[in-house]
Amino acid sequence: MPYYYGFDYYYIILVLPCIAFAMWAQFRVKSTFEKYSHVYSRRQMTGAQAAAAVLRAGGVNGVRIERVAGHLTDHFDPRDNVIRLSQSVYDSTSVASIGVAAHEAGHAVQYAVGYAPMKLRAAIIPLTNLGSTLALPLILIGFLFNYGSLITVGIAFFAFSTLFQLVTLPVELNASNRALAAIQDGGLLYDDECPMAKKTLWAAAMTYVAALAVSLAQLLRLILLFGGRGRSDD
């Protein structure tokens, strides 16, 4: 039985380990960035300059690079075609900052060349937003009123969130690969500094692996809990 004396064993067995993994991944990315944010590149290139170098290497023009408030709030916004780098990255010459800035520039290159997974992710965002809002209410209403079809729709909506996480993973990994290639080929860092940037980027990548694991575990839990009810009405 999935429930016993108020305990949801599917949650304990499937979801909690993934949440613990996600917490570890978040701690890992913060600690890794903190560690290498105090190691300054001997070339004294800033994060903003590194992002610009990656764009040039990718043959991409017209992308603005702006400073944004916050810590690790770096992102590429395809709507405005702008790379926004946090205060701890934009002006910093640390190897961690160069890695993060190059990663965001990698996203800009993906967008410019029409990288398929990135286009797919953008296409499913509306469904993902809708699904994340309606999935659990639909499942709950279907469960309370014994309406199996509604439960099925709710689980399907939740699956869009999982699909989004699944598509996001190769997008992030590819951006990091582009960043590291540009750093090495362009000599943005010395050879002994490149592994530090790589560790920073792969620590960040683990957060996306963890997010996918949590979403998959939650989806499997919902199917195990309510899937049988979703196959029959009244």
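Restricting the search to helices (runs of 4 or more DSSP H) fully inside segment 1-112 and requiring at least 3 residues that are open to solvent by 70 Å² or more (accessible area, probe 1.4 Å) and in contact (Cβ under 8 Å) with a residue 12 or more places away in the chain gives 16-36. Taken together, the residues in segment 165-192 that are crowded, with 21+ Cβ neighbours inside 10 Å and assigned to a loop (DSSP other than H, G, I, E, B) amount to 2. One residue alone among 128, 162, 200 is of a type in the set (Ser, Thr, Tyr), buried (at least 18 other Cβ atoms within 10 Å of the Cβ), in contact with a Phe, Trp or Tyr (Cβ under 6 Å, 6 or more places away or on another chain) and in contact (Cβ under 8 Å) with a residue 40 or more places away in the chain, and that residue is 200.
Going by the structure shown, is residue 121 under 23 Å from residue 26 (Cα atoms), modelled with pLDDT of 90 or more and of a type in the set (Lys, Arg)? Yes, satisfied.
Of everything in segment 140-176, what is farther than 19 Å from residue 225 by Cβ and not small (Gly, Ala, Ser)? Give them in sequence order. Quick ask: steps written out before the conclusion?
First pass over segment 140-176, keeping only residues farther than 19 Å from residue 225 by Cβ: 163-176.
Result: 163, 164, 165, 166, 167, 168, 169, 170, 171, 172, 173, 174.
Set side by side, the residues 211, 204, 175, 112 differ, and just one is under 23 Å from residue 82 (Cβ atoms), in contact with a Ser or Thr (Cβ under 8 Å, 6 or more places away or on another chain) and either modelled with pLDDT under 95 or aliphatic (A, V, I, L, M) (or both), which is 204.
The values are calculated or read from the model by the stated rules, or taken from the named source; none is laboratory data. Owing to the predicted nature of the structure, the values given are computational and were not obtained by experimental measurement. Quick reminder, even Gly has a Cβ in these numbers, built from the backbone with ideal geometry, and neighbours come from all protein chains shown. In case anyone asks, the SASA skips ligands and DNA or RNA and just uses the protein heavy atoms, side chains included. Shrake-Rupley method; radii C 1.70, N 1.55, O 1.52, S 1.80 Å.
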